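**Student:** To start, I am sharing the structure in question, which I have written as structure tokens.
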Amino acid sequence: MDVSTDKTNWVTKDERATSNNAYINGLNAGTTYYVRVRAYTREYQNGDYVYAYGAYSDVIEFVTNPNSKPAYLKKTDSTTSSVTVEWPSVPGANAYRVKWSGGGLEKETVVYSESAKVRYTIGSLPANNSYTITVYSARTNSAKTYLGCSTLYWNYVSETYKITPGKVTGVQVANYWSYISELNVNYNKLVADGYEAEAYTANKKKDTKVASVDGNSYVGVYLKSSKFKKHNFFKVRVRAYATTSDGVKKYGAWSDWKYVCQQPDVTKMTSKSNGMQIKYDKISGADRYIVYMSTKKDSGYKKVATTKKTSVTIKKLGKKKLKKGKTYYVYVVAYNKVGKKYYSGAAGDATGCWYKAY
């Protein structure tokens, strides 16, 4: 049995095998070899053996496994349905077994490459998930019909990466603290490394950015601007991101806009002969106000007026006229019109107001 790495320089191994199989030792890891075999007979003549050899077999190619793993594995890019990873070549490897799991998937493939750096994109991934990716060093024969790949711990590298998140939903302004000029914005959680939020004016023909924050990994961010002290309409939106191994942020889509303003303070309630006049703050950007009234402070509110003005006279609560000496509670919600829809911006630390009619 002869072995060669180039089909030219043959070295005899296991010269006197007597069965139809043999083990070849002393080979290098991650190397392509060729082997040929020939049969022989022998006769004992004049005190020694005399050998007669037949023709050599066809040459057969085989490979040995690499004995080292990639020095690193890193994420270089992602989309909402794919992740791109990179690793350096391994001496003796011309192929790599790549496995990934996550999002209900468990798949693998073989990447053939002898480049100094190998880059591979895994696609068709379910959105909003993280994936564990494992790369094994391997070697294949020229026909790619055999893959020599050790699954021992020293021959692979494994990391877990998030893909680019999808669109953020459920954006809400949980708190509007006008006295410290701050908004607290919440949203539905995604599989993400962080979130970016920004606020724009929503009371001008051309909206302008007034605040932004980037880098928060929790479900909730705080936006701060001196403009939040003013009685203006604003709009906020949020997007999520996943970072690459080099710290580059891959952003998902922006959420829909959430419109917000300070809830108008009821500034005055005055009894009139024909009802009760209610006055409240003007909100810049408001296209209409809806006034609610109840005889109870914490429940039972009914819509009593819809107007573009900052004062209104109320004569009835439901079908009943207002009564002298009775206590009524009022609050007002401002609305901003975008296209054909009206958006409520009620939030913040505003106060309602009560008054004894007549």
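The values are calculated or read from the model by the stated rules, or taken from the named source; none is laboratory data. Computed from a predicted structure; not experimentally measured. Quick reminder, even Gly has a Cβ in these numbers, built from the backbone with ideal geometry, and neighbours come from all protein chains shown.
**Student:** What tally of residues in segment 33-71 results from selecting those that are within 30 Å of Ser113 (Cβ to Cβ), of a type outside the set (D, E, K, R) and out of contact with any Ser or Thr (no Cβ under 7 Å at 6 or more places or on another chain)?
**Tutor:** So the count comes out to 6.
**Student:** Quick one: Ser271 ticks every box in (1) among the small types (Gly, Ala, Ser); (2) over 27 Å from Val191 (Cα atoms); (3) not in a strand (DSSP E or B) bar one, so which box is it?
**Tutor:** Result: Ser271 passes all but (3).
**Student:** Among the listed residues Gly123, Gly102, which satisfies the condition of being buried (at least 17 other Cβ atoms within 10 Å of the Cβ) and either in contact with a strand residue (DSSP E or B) (Cβ under 8 Å, 6 or more places away or on another chain) or at pLDDT 95 or above (or both)?
**Tutor:** Gly102
**Student:** Also: In segment 312-351, how many residues are in contact with a Phe, Trp or Tyr (Cβ under 7 Å, 6 or more places away or on another chain), closer than 21 Å to Phe234 by Cα and modelled with pLDDT under 85?
**Tutor:** Qualifying residue count, segment 312-351: 6.
**Student:** I'd like the full set of residues that are aromatic (Phe, Trp, Tyr) and under 18 Å from Asn65 (Cα atoms), limited to segment 1-37.
**Tutor:** Tyr23, Tyr33, Tyr34
**Student:** Taking Leu223, is it under 19 Å from Cys261 (Cβ atoms), modelled with pLDDT of 90 or more, under 25 Å from the mean Cα position of the chain (by Cα) and surrounded by 19 or more Cβ atoms within 10 Å (Cβ to Cβ)?
**Tutor:** In short, yes.
**Student:** Now for a separate question. Would you mind finding the one in Tyr72, Tyr23, Tyr53 that is of a type outside the set (A, V, I, L, M), within 30 Å of Leu125 (Cα to Cα) and exposed (fewer than 15 other Cβ atoms within 10 Å of the Cβ)?
**Tutor:** The conditions single out Tyr72.
**Student:** Checking the conditions here, which among Asn184, Asn155, Asn129 is closer than 28 Å to Val248 by Cβ and either among the β-branched types (Val, Ile, Thr) or in contact (Cβ under 8 Å) with a residue 24 or more places away in the chain (or both)?
**Tutor:** Asn129
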